[in-house]
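Since the structure comes first, as structure tokens, the remarks are kept for the end.
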Amino acid sequence: MTTAVAIYVFPNVEVLDFAGPYEAFTTATRVQARRNPDGPDAFRVFTVSRDPTLVRARAGLEIKPEYRFADHPKIDVLIIPGGVVTEELKRADVIAWIGEQSRSCQITASVCTGAFLLGAAKLLINRSATTHWEDIEDLRASFPETSVLENRHWVDEGRVVTSAGISAGIHMCLHLVSRLASLDLARATARQLEFDWSGDA
């Protein structure tokens, strides 16, 4: 069975926060296809945005999202990247959409400051979480009911998984590959990416 992975993109999203997970899951799919060419794709990865227009990421990269809130396929794993999330936190429809998707998908995960959007959607209440080291204290202050952990690549709370900053999103997504497919596939994917991944959080 193919797992549908949606990555939310928005203005001023951090490029590696969304591109790292995209590369991890699509590479896992290619590696799996080489091993089992007649089997289903391991993952189907697509981008979703609030609006159908081009999204300008941090440093100016333009992204053309594949879907918007109104027309995306069913989501099994939702990835919320970070970046400059100030405006996203003000958008009630964004927070509501994250909360709604979290109730139907298997896993909702964040990279870096994406954790603030999960917190705003009330997904971090009485859970442990992490974020970029620069934002640890802000996350603690913003969501006192969350146990915010430092010096972790990711924190797995079952249906909610958070990661530290930027490249830590790749660590987390390799962990998710190991959860959703196999540890062997995650290790083979890390090797294909030439990414130093031990499997430890």
task = With the checklist (1) assigned to a helix (DSSP H, G or I); (2) in contact (Cβ under 8 Å) with a residue 12 or more places away in the chain; (3) of a type in the set (A, V, I, L, M); (4) surrounded by 15 or more Cβ atoms within 10 Å (Cβ to Cβ) in hand, flag the one item ALA59 doesn't pass.
result = (4)
request  = Just name the residue that is nearest to ARG58 (Cα to Cα) out of those in the stretch 1-25 that are assigned to a helix (DSSP H, G or I) and open to solvent by 30 Å² or more (accessible area, probe 1.4 Å).
outcome  = VAL15
Condition check for GLY199: outside any helix (DSSP H, G or I), open to solvent by 20 Å² or more (accessible area, probe 1.4 Å) and modelled with pLDDT under 95 = yes
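Which of the residues belonging to the stretch 95-134 are more than 20 Å from VAL48 (Cα to Cα) and of a type in the set (Ser, Thr, Tyr)? Reasoning before the result, please.
Taking the stretch 95-134 and keeping what is more than 20 Å from VAL48 (Cα to Cα), we get 122, 124-134.
SER128, THR130, THR131 - these are the residues of the stretch 95-134 that are more than 20 Å from VAL48 (Cα to Cα) and of a type in the set (Ser, Thr, Tyr).
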remark   = Filtering the stretch 117-157 down to residues that are part of a loop (DSSP other than H, G, I, E, B), under 17 Å from ASP17 (Cα atoms) and either at pLDDT below 95 or more than 15 Å from the chain's Cα centre (by Cα) (or both) yields ARG152
inquiry  = It is to be established whether one or more residues within the stretch 158-172 are of a type in the set (Ser, Thr, Tyr), assigned to a helix (DSSP H, G or I) and under 19 Å from GLY119 (Cβ atoms).
reply    = no
query = Here are THR29, THR53: which of them is open to solvent by 70 Å² or more (accessible area, probe 1.4 Å), at negative phi and among the hydroxyl-bearing types (Ser, Thr, Tyr)?
reply = THR53
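The values are calculated or read from the model by the stated rules, or taken from the named source; none is laboratory data. None of these values were measured; they are calculated from a predicted model. Cβ atoms come from the backbone with ideal geometry, glycine included; neighbour counts cover every protein chain shown. Accessible surface areas use protein heavy atoms only, side chains included; no ligands, DNA or RNA. Shrake-Rupley method; radii C 1.70, N 1.55, O 1.52, S 1.80 Å.
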